[in-house]
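Undergrad: My questions all concern the structure below.
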There are 2 protein chains.
Amino acid sequence: MMNRSFLAALSVTAAAVSLPAAAQFQKPEDAVKYRQSSMFVMGNHFGRIGAMVQGRVPYDAAVAAANAEVVSTMSRLPFAGFVEGTASTDKGKAKASIWTDRAKFDAGAKKMQEEVAKLLAAAKTNNLDNLKAAFGETGKTCKGCHDDYRNQ
Amino acid sequence: MMNRSFLAALSVTAAAVSLPAAAQFQKPEDAVKYRQSSMFVMGNHFGRIGAMVQGRVPYDAAVAAANAEVVSTMSRLPFAGFVEGTASTDKGKAKASIWTDRAKFDAGAKKMQEEVAKLLAAAKTNNLDNLKAAFGETGKTCKGCHDDYRNQ
């Protein structure tokens with residue numbers, strides 16, 4: 001059902017993106033659902049920070065930090081779900097180029113995780129300008145991989 | 001899009017289950033997807049601990065603790081997604097009794113969060129027997145609410 005060495009990597013952000021993960025999902029559909037679920041939760045909490053950054057809700061430093069904590073946890077999860085043989089041609093789904101171009105995909109994931117770490121640090125400074133800057137940089141890394149690796 | 005007082009509660013486990021949350025989701029479907037996604041991710045990582053508890057993978061204290069950390073973060077999230085008007089009669093989906101019986105449902109959520117806190121503490125003791133005991137108690141709280149509030 002799962003791979004011990006992968007699990008060990010859960011606590012090591014940089015390593016978590018590149019280890020084989022197929023063994024921990026019983027069916028390919030579980031891997032797909034796992035990556036989609038963790039991305040959705042990450043996006044929801046990232047969006048709550050966005051609402052503050054964009055002035056749609058009042059800035060609250062503690063709330064921003066709590067959301068950034070969730071984003072940080074989630075940022076480490078989805079990539080284990082990108083197991084071989086789970087590409088799709090459907091809109092909004094994973095392109096086959098993820099697997100033919102895996103090193104670049106993994107580098108994109110790592111870059112996102114690094115920006116999320118900065119986002120969390122920025123959220124903890126209790127300064128909205130810091131949060132805005134880090135939110136923008138993080139958002140670029142989301143968009144970069146979505147543009148390249150998600151069917152439009 | 002969201003409710004400031006709810007967001008503040010994200011960092012306060014006990015409060016997170018009982019505050020109104022509808023305002024943070026743009027559509028009811030988003031709330032449903034959010035609760036299902038966070039439950040799925042929680043279940044996945046809880047299941048990885050279960051594999052160790054049941055001897056299907058070797059016990060690794062650091063891995064167990066890393067998974068328990070994810071479970072702990074996730075345990076606070078799903079309940080915001082149980083907004084009014086999102087019951088279903090489909091198998092595996094939320095029963096209407098959640099909303100007619102909300103105080104009991106919320107108490108069940110709180111109990112689960114308390115057991116997850118104990119699970120995380122147990123995982124950090126580096127003792128498999130402690131982990132087994134806490135895993136069992138946590139699992140009962142999952143099953144309790146699923147039996148009562150999820151269509152069979």
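Throughout, read-outs are computed from the coordinates displayed, never taken from laboratory work. All values derive from a computational prediction rather than experimental measurement. Counting neighbours? That spans all protein chains shown, and the Cβs are built from the backbone with ideal geometry, glycine included.
Undergrad: Using θ = phi - 60° and the Karplus relation 6.51 cos²θ - 1.76 cosθ + 1.60, list the HN-Hα couplings for segment A:123-129 in order, rounded to whole Hz, with x at every Gly or Pro.
TA: After applying 6.51 cos²θ - 1.76 cosθ + 1.60, I find 4, 7, 7, 6, 10, 5, 5 Hz.
Undergrad: In nm, one decimal, shortest first: how far is the label point of B:Gln26 (7 Å from Cα along Cα to beta carbon) from the matching points in the other copies?
TA: Shortest to longest, the spacings are 3.5 nm.
Undergrad: So, one more: Return the FRET efficiency for the residue pair B:Lys124, B:Lys27: r is the Cβ-Cβ distance, R0 is 41 Å, and the value is rounded to the nearest 0.05. Let's see the in-between values first.
TA: On the way: r = 39 Å, r/R0 = 0.96.
That pair, B:Lys124 with B:Lys27, gives E of 0.55.
Undergrad: Largest first and to the nearest Å, give the Cα extent of segment B:24-125 along each principal axis.
TA: On the principal axes, segment B:24-125 reaches 43, 25, 22 Å in Cα extent.
Undergrad: Any idea how far the Cα center of segment B:48-94 sits from the one of segment B:117-142, in Å?
TA: The distance from the Cα centre of segment B:48-94 to that of segment B:117-142 comes to 13 Å.
Undergrad: If neighbour count is taken as other Cβ atoms inside 10 Å, put B:Tyr59, B:Tyr34 in order from fewest to most.
TA: Details: B:Tyr59 17, B:Tyr34 25.
Going from sparsest to densest Cβ surroundings: B:Tyr59, B:Tyr34.
Undergrad: Another question, then. Could you tell me the convex hull volume per residue, in Å³, taken over the Cα atoms of segment B:66-152? List each step's numbers first, then the result.
TA: Values: hull volume 7.5 nm³, N = 87.
Once divided by residue count, the hull of segment B:66-152 is 86 Å³.
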